[in-house]
Amino acid sequence: MTDAKARGLLVVYTGDGKGKTTAALGAVFRALGRGLKPAVVQFIKGKWKTGERLYAETIPGLVFLTMGRGFTWESDDLSRDKRAAEAAWEEAARLIGSGEHGLVVLDELTYCLNYGWLSVDAVLATFEQRPAHVHVVVTGRNAPEPLLDRADLVTEMRAVRHPFSKGLPAQPGLDF
Ligand code: ATP
Ligand code: MG
């Protein structure tokens, strides 16, 4: 890419506050408007149909994959979680490397890194080798230090208040 200002960025949305996945989906919305052909890979079990998944199905050409078998504490078979994470990562790496998508969102990828299902070094190597125009957005709590070091943009969502503490349940359309 000749224009250094137009290079693809590595973006990380992390922290304990709400808004990480929402911010990434906002970038997808923008990228669609700019013809960047965004792709999303969610590294969580597709247990519930979320609003974003339901809407993604109606957007022609939008790649929106939800994989994995959920979180460890819900699982009876850790090795299956690892295999699912590896399969999702394989697909994500292919999407990134293809250069066909100007924006690739890896939603909740940090969980797979923190559980050791995926190697941080291998993930960073794939980011490093990606086509120069591809933006990558990673979301999830506790982003590992080497990923933060490598990122061009890091935003940490800080939890100031969340309705969960009042016992209010997750709201359709706002939370999922
Ligand atoms: P969102 O998808 O709403 O942008 P997120 O990606 O920042 O949230 P996750 O860690 O992925 O947050 O958790 C997703 C779910 O957990 C959402 O329903 C969200 O409302 C809820 N959540 C996020 N932060 C908090 C918090 N500090 N306390 C309680 N629940 C939270
Ligand atoms: Mg999230």
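Each value in this text was obtained by applying a stated rule to the coordinates, not by laboratory testing. In this text the structure is predicted, and so the values were computed from the model without any measurement. Note that we place each Cβ from the backbone using ideal geometry, even for glycine, and neighbour counts take in every protein chain shown.
For the reader, a short list of remarks on this structure follows.
- 222 nm mean residue ellipticity, helices alone, for the chain (DSSP H n ≥ 4; -39,500 (n - 2.57); rounded to 500): -10500 deg cm²/dmol
- Rounded to the nearest 20 debye, the dipole size of the chain about its Cα centre is 520 debye, using +1 on the Cβ of Lys and Arg and -1 on the Cβ of Asp and Glu.
- Cβ-Cβ FRET estimate between residue 150 and residue 62, R0 fixed at 22 Å, reported to 0.05: 0.20
- Residue order, fewest to most beta carbons within 10 Å, for 111, 55: 55, 111
- Ranked 89, 117, 48, criterion: other C-beta atoms within 10 Å, fewest first: 48, 117, 89
- Gaussian network model of the chain, Cα within-10 Å springs - most flexible of 37, 49, 20: 49
- Sorted by Cβ density within 10 Å, fewest first, the residues 139, 50: 50, 139
- Bridge type composition, segment 10-157 - antiparallel percent by DSSP, nearest 5: 0 percent
- Here the convex hull built on the C-alpha positions of the chain has a volume of 122 cubic angstrom per residue.
- Taking a Cβ cut-off of under 12 Å around residue 24, the surrounding Lys, Arg, Asp and Glu residues balance to a net charge of -1, with basic ones at +1 and acidic ones at -1.
- Dipole orientation for the chain: of the candidates 134, 109, 35, 35 has the Cα lying most toward the positive pole (charges on Cβ; Lys, Arg +1; Asp, Glu -1).
- 13 Å beta-carbon shell around residue 53, net charge (K/R +1, D/E -1): 0
- Charge tally around residue 120: other residues with Cβ under 11 Å, Lys/Arg +1 each, Asp/Glu -1 each, net -2.
- Highest-fluctuation residue, 58, 22, 14 considered, GNM on the chain with Cα pairs under 10 Å: 58
- The alpha-carbon of residue 47 sits under 21 angstrom from the alpha-carbons of these lysines, leaving out residues fewer than 8 places away in its chain: 18, 20, 82.
- Between residue 34 and residue 98, residue separation times 0.36 nm minus the direct Cα-Cα distance comes to 21.2 nm.
- Check: segment 92-176 dipole with +1 on Lys, Arg Cβ and -1 on Asp, Glu Cβ, in debye: 300 debye
- Of the trypsin sites (Lys or Arg not before Pro) found in segment 104-163, those in coil by DSSP whose Cβ has at most 13 other Cβ atoms within 10 Å are 158, 161.
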